[in-house]
Structure formats: structure tokens, C-alpha cells
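Peer 1: Got a structure for you, written out below as C-alpha cells; questions coming shortly.
The values are calculated or read from the model by the stated rules, or taken from the named source; none is laboratory data. Owing to the predicted nature of the structure, the values given are computational and were not obtained by experimental measurement. Don't worry about glycine lacking a Cβ; one is built from the backbone with ideal geometry, like all the others, and counts go over all protein chains shown.
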Amino acid sequence: MPKKVVLLGDFGVGKTSIGMRLAEDRFEETTIATLGVAHFTCKVAGLTPFSAATKLEVWDTAGQERYRSLDSLRLYLRRALGAIVVVDVTSAGSLEAAKRVVSQLRLDEDCAAREDLAIAVAYNKCDFEARAFDPAAVAWTGVCAAVETSCKTGAGVQQLARALVDALPADDAAAATSNVGLTQPGASLTSGSDCC
Ligand SMILES: Nc1nc2c(ncn2[C@@H]2O[C@H](COP(=O)(O)OP(=O)(O)OP(=O)(O)O)[C@@H](O)[C@H]2O)c(=O)[nH]1
Ligand SMILES: [Mg+2]
């Protein structure tokens, strides 16, 4: 069974582009803002020589917080074992948004993330020379990896995913049912399509 990983981060930071790189190893200069939820599937081996390739189901949603209620965030996170929080290195606002997301995942019981959810940060668009902040000076707690990535060149994207794979908690039966009570009957997030 594929392991569920969710993409999170401000709008336009490159969440869909990371999914596209992981699943299809391609990049589009022009993308359409995501509405609803889409899925990418891919296989990623961990960083250690002996880690087996892991099939991931990468969930992608809109970055605009106004499109996302707490209920939809709970549904989005349901059964997720890992999260990739994406920051755009040219946008200080996207760093603030990512900080908020990470603390919500770690501290906010209402958002229903697993306590052992593995979180990796992507400092995306690192092909741009102009930086809004110095990624090396940013401190994170509860994050397994923070990697500079460029979906345009492909740099760092596999490395980020491989570090996350190594940190994913076991996909046990308890985890599969841990958030079941949070599902609302008839509620659905899916208006996007499976991409691959
Ligand atoms: N130069 C450069 N452009 C990028 C990179 N990643 C994404 N982009 C561009 O940034 C724009 C937004 O990318 P998306 O992947 O759609 O961003 P998103 O986070 O999914 O956006 P929402 O769905 O609106 O939240 C597109 O024009 C991409 O081509 C990157 O690493 N480098
Ligand atoms: Mg998108």
C-alpha cells in the first residue's frame, strides 16, 4: 500500500511542481493554481544504501489558506505519514506561512496530524539567485530535513523525498484508523484529478 505524504505551503511556492517532479520528472513554467485535491504516485528509495524503494501517494492541494477550512485540513491529513512543507526562497511571506503550518502540525490537536508525522521542508525555487532570507539561518523544530530544491532544474527534489522516506513512521493498522472519527459524512475534498 502506498504511503501517504501531503504537500503543504503557501500558494504558488511550487507544491504541484514538486509532485510533478517526483512523479514524472518534468517541470512546467506555467501551472494552474490547484483547486481541491490531486494525487501523484511515485517510488522513492531512502538515503541509506539498504532502504527499500517506497511507493508514495503524494497529495496536493491549494495553497490559498482561504480555500482551506480546519475540517478540510483534517481530511487532507487523514492517514498521512509524512508532509512536505514548501517554502519559496524568494518570498519571506511563504517562510512565515510554512512556520505557521509546521507549528499547526506539531502543536494543534485540532488539525489531527499524527504525533509522529515526518515533516520535511523544501526551500524551493533555489535556481533564483535573489533570496528573501537565508535558509541556513532558519531554525526548525520537529523537522527531519530541510533541503534546497529547484523544480525547474530538478536539484534537491529526490534528496528531499529520500530523506522524508527514511523518516516516515511505520504504516501500521492503528495509524490507518487513528483519525477515522474526524471524517464528516459526505464531506469530500476531491475536485482535482489523479495526475498519474
Ligand atoms: N524558477 C522556478 N519556478 C518554479 C519552481 N517551482 C515552481 N515554479 C513555478 O512557480 C509557479 C507556481 O508553481 P506551482 O507548482 O503551481 O505552485 P503551487 O504551490 O502548487 O501553487 P498553488 O496550487 O496555487 O498553491 C509556476 O509558474 C511554476 O512553474 C522552481 O523551483 N523554480
Ligand atoms: Mg498547486
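Peer 1: So residue 97 clears everything in (1) touching a residue at least 60 places away in the same chain (Cβ under 8 Å); (2) in contact with a Pro (Cβ under 9 Å, 6 or more places away or on another chain) except one condition, right? Which one?
Peer 2: Just one mismatch for residue 97, condition (2).
Peer 1: Take residue 72 and decide whether it is in a helix (DSSP H, G or I) and small (Gly, Ala, Ser).
Peer 2: So residue 72 fits the description; yes.
Peer 1: Testing residue 36 on (1) away from ligand 2 (no atom under 13 Å from the Cβ); (2) at pLDDT below 95, one condition comes back false. Which one is that?
Peer 2: Result: residue 36 passes all but (1).
Peer 1: Additional query: Residues 52, 23: which one is among the small types (Gly, Ala, Ser) and more than 15 Å from ligand 2 (Cβ to nearest atom)? Don't jump to the end; show me each part of the working.
Peer 2: Details: 23 fails: more than 15 Å from ligand 2 (Cβ to nearest atom).
Answer to the check: 52.
Peer 1: Let me ask something else. What number of residues within region 1-17 satisfy the criterion of being over 16 Å from residue 53 (Cβ atoms) and part of a loop (DSSP other than H, G, I, E, B)? So that I can check it myself, show each step before the final result.
Peer 2: Taking region 1-17 first, the residues over 16 Å from residue 53 (Cβ atoms) are 4, 6-17.
With the extra rule that they be part of a loop (DSSP other than H, G, I, E, B), the set shrinks to 10-14.
Number satisfying all stated conditions: 5.
Peer 1: Out of curiosity, is residue 43 basic (Lys, Arg) and within 16 Å of ligand 2 (Cβ to nearest atom)? If you could, list the steps in order and put the result at the bottom.
Peer 2: Values: basic (Lys, Arg): yes; within 16 Å of ligand 2 (Cβ to nearest atom): no.
Judged against the criteria, residue 43 is not a match.
Peer 1: Could you tell me whether any residue of region 30-40 is more than 11 Å from ligand 1 (Cβ to nearest atom) and not β-branched (Val, Ile, Thr)?
Peer 2: Taking every residue of region 30-40 in turn, at least one turns out to be more than 11 Å from ligand 1 (Cβ to nearest atom) and not β-branched (Val, Ile, Thr).
Peer 1: Same structure, new question: Determine which single condition residue 87 fails, assuming it passes every other condition in (1) within 21 Å of residue 169 (Cβ to Cβ); (2) part of a strand (DSSP E or B); (3) not aromatic (Phe, Trp, Tyr).
Peer 2: Residue 87 satisfies all of (1) within 21 Å of residue 169 (Cβ to Cβ); (2) part of a strand (DSSP E or B); (3) not aromatic (Phe, Trp, Tyr) except (1).
Peer 1: Does region 98-120 hold any residues that are modelled with pLDDT of 95 or more and within 14 Å of ligand 1 (Cβ to nearest atom), and which are they?
Peer 2: 98
Peer 1: Here is a further query. Among the residues of region 48-59, write down those that are away from ligand 1 (no atom under 15 Å from the Cβ) and at pLDDT 90 or above. Steps first, please.
Peer 2: First, the residues of region 48-59 that are away from ligand 1 (no atom under 15 Å from the Cβ): 48-57.
If the condition is that a residue be away from ligand 1 (no atom under 15 Å from the Cβ) and at pLDDT 90 or above, then 53, 54, 55, 56, 57 are the ones that fit.
Peer 1: Here are some residues: 77, 47, 117, 56. Which one is in contact (Cβ under 8 Å) with a residue 24 or more places away in the chain, closer than 20 Å to residue 169 by Cα and touching an Asp or Glu at 6+ places or on another chain (Cβ under 6 Å)?
Peer 2: Among 77, 47, 117, 56, only 47 is in contact (Cβ under 8 Å) with a residue 24 or more places away in the chain, closer than 20 Å to residue 169 by Cα and touching an Asp or Glu at 6+ places or on another chain (Cβ under 6 Å).
Peer 1: Right, here's the next one. Only one residue in 122, 155 is assigned to a loop (DSSP other than H, G, I, E, B) and among the hydrophobic types (A, V, I, L, M, F, W, C), so which one is that?
Peer 2: Just a single option satisfies the conditions, and that option is 155.
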